[in-house]
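Right, one structure below, let's go through it.
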Amino acid sequence: MIYKMVGSSQANFMKGIGYDATICPVSLFFIKSEFPSKNEYVDEYGRHFFFSKVESGGKLIDDAQYKGGVFDTEDPETSYEKWGLLDPDHPARSDAYKAALKAAKNEICPIPSMIGPLEGTWEGFGFTTFTKLLYKKPEFIERVFKDRGDFMVALTENMLDLGAEIILILDDAGYKGAPFLSPKMYEKYVASQMKRVSDKVHACDGKVMLHSCGDVSKLLNAIIGAGIDALHPWESTAGMNIFEAKEKWGEKLTLIGNVPVDMLAHGTPQNVETYVKKLMQICAPGGGYILSSGHSISYSVELENFETMIEATRKYGSYPIRIENK
């Protein structure tokens, strides 16, 4: 029942505030989980989180903080084997998506979203142990990546069977100034698994979106080579220049996002409208651009600025794009 609620409530909320599409989580469920205490949980990927009060927008909110991985032991291989594989066929996943479709009523597009191969691998081991395994036991860690890929492909097939036309992969790959892995390693371990998903989706005339925060500019060749059709969020504070990307990659990749969260939180409505207008003026002509924030919508975002972003999108986002400089 709770997973149906996740799907329907997400679709209803995002539809109500004027969005055209919304994510529908179909992974990260408490299907294979542990709860070390009332303030902690381990998700199905073996990632350990704890709840902590953090300040956001002048409020103290409960936020899940990553603590480590349950495979980060003296024998990570055995710990991983004991945990077991993810189940792509668990009914909770299809229940959530079917509930989202029902709530959407063809007024908003629910997009099945799943954790990608990189986050779904390193966070279960912890970054230090993960990087050691990359060099000391590459065959083992490559198998873990393949296990994650197998899960993603099977889950994708199930979502396509339910009518999904877009699949979203959530897989942060960058710090503020550089990617987590070298382009060569990223292509070998991560992009290769995403391509398996893309091939499956493209065979059904669908599209694949990737969310990856941070600076992933050095990974764009691998991302495009993996068959990714659209990339979010082009985080400006991480150095991702969406205007240069439109010129260089606009024919190969749909660009999503880039409205700075700092501006939404601390700027003025005029700042927001001016920036949205610029995004529409430069990135939207010819298609291949979807407007959204350049990260997420936190408690610190001012409601007036958020509403201005939506209104400005409608004001300037009608095709054909004809925006005069004033």
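Regarding Glu304, is this residue farther than 25 Å from Glu55 by Cα, loosely packed, with under 14 Cβ neighbours inside 10 Å and either out of contact with any Leu (no Cβ under 7 Å at 6 or more places or on another chain) or modelled with pLDDT of 95 or more (or both)?
For Glu304, the condition - farther than 25 Å from Glu55 by Cα, loosely packed, with under 14 Cβ neighbours inside 10 Å and either out of contact with any Leu (no Cβ under 7 Å at 6 or more places or on another chain) or modelled with pLDDT of 95 or more (or both) - is not met.
Just for segment 1-34: of the residues that are in a helix (DSSP H, G or I) and of a type in the set (A, V, I, L, M), which one is surrounded by the most Cβ atoms within 10 Å (Cβ to Cβ)?
Checked segment 1-34; the qualifying residue surrounded by the most Cβ atoms within 10 Å (Cβ to Cβ) is Ala11.
Of these, Ala191, Ala203, Ala173, which one is surrounded by fewer than 16 Cβ atoms within 10 Å (Cβ to Cβ) and among the aliphatic types (A, V, I, L, M)?
Ala203
Quick one: which residue in Glu77, Glu40, Glu81 is at pLDDT below 95 and not hydrophobic (A, V, I, L, M, F, W, C)?
Result: Glu40 is the single residue among Glu77, Glu40, Glu81 that is at pLDDT below 95 and not hydrophobic (A, V, I, L, M, F, W, C).
Against the condition crowded, with 20+ Cβ neighbours inside 10 Å and acidic (Asp, Glu), how does Glu44 come out, does it pass?
yes
Any idea which residue in segment 36-57 is farthest from Phe145 (Cα to Cα), counting only those that are of a type in the set (Gly, Ala, Ser) and in contact (Cβ under 8 Å) with a residue 24 or more places away in the chain?
The selected residue is Gly57.
Considering only segment 165-185, I want to know if a residue exists there that is of a type outside the set (Phe, Trp, Tyr), part of a helix (DSSP H, G or I) and either modelled with pLDDT under 95 or out of contact with any Lys or Arg (no Cβ under 7 Å at 6 or more places or on another chain) (or both). So that I can check it myself, show each step before the final result.
We begin by selecting, within segment 165-185, every residue of a type outside the set (Phe, Trp, Tyr); these are 165-174, 176-179, 181-185.
Then keep just the ones that are part of a helix (DSSP H, G or I); that gives 183-185.
Cutting the leftovers down to either modelled with pLDDT under 95 or out of contact with any Lys or Arg (no Cβ under 7 Å at 6 or more places or on another chain) (or both) gives us 184-185.
Yes, the conditions are met somewhere in segment 165-185.
Restricting to segment 236-272, name every residue that is out of contact with any Phe, Trp or Tyr (no Cβ under 9 Å at 6 or more places or on another chain), within 17 Å of Ser217 (Cβ to Cβ) and either assigned to a helix (DSSP H, G or I) or of a type in the set (Val, Ile, Thr) (or both).
Result: Ser236, Thr237, Phe243, Glu244, Glu247, Lys248, Trp249.
What tally of residues in segment 121-139 results from selecting those that are exposed (fewer than 15 other Cβ atoms within 10 Å of the Cβ) and in contact with a helix residue (DSSP H, G or I) (Cβ under 8 Å, 6 or more places away or on another chain)?
First, the residues of segment 121-139 that are exposed (fewer than 15 other Cβ atoms within 10 Å of the Cβ): 127-128, 132, 135-139.
So of that shortlist, the ones also in contact with a helix residue (DSSP H, G or I) (Cβ under 8 Å, 6 or more places away or on another chain) come out as 137.
Counting residues in segment 121-139 that are exposed (fewer than 15 other Cβ atoms within 10 Å of the Cβ) and in contact with a helix residue (DSSP H, G or I) (Cβ under 8 Å, 6 or more places away or on another chain) gives 1.
The values are calculated or read from the model by the stated rules, or taken from the named source; none is laboratory data. Everything numeric here is computed off the predicted structure, so don't read it as measured data. Please note: Cβ atoms are built from the backbone with ideal geometry, for glycine as well, and neighbour counts cover all protein chains shown.
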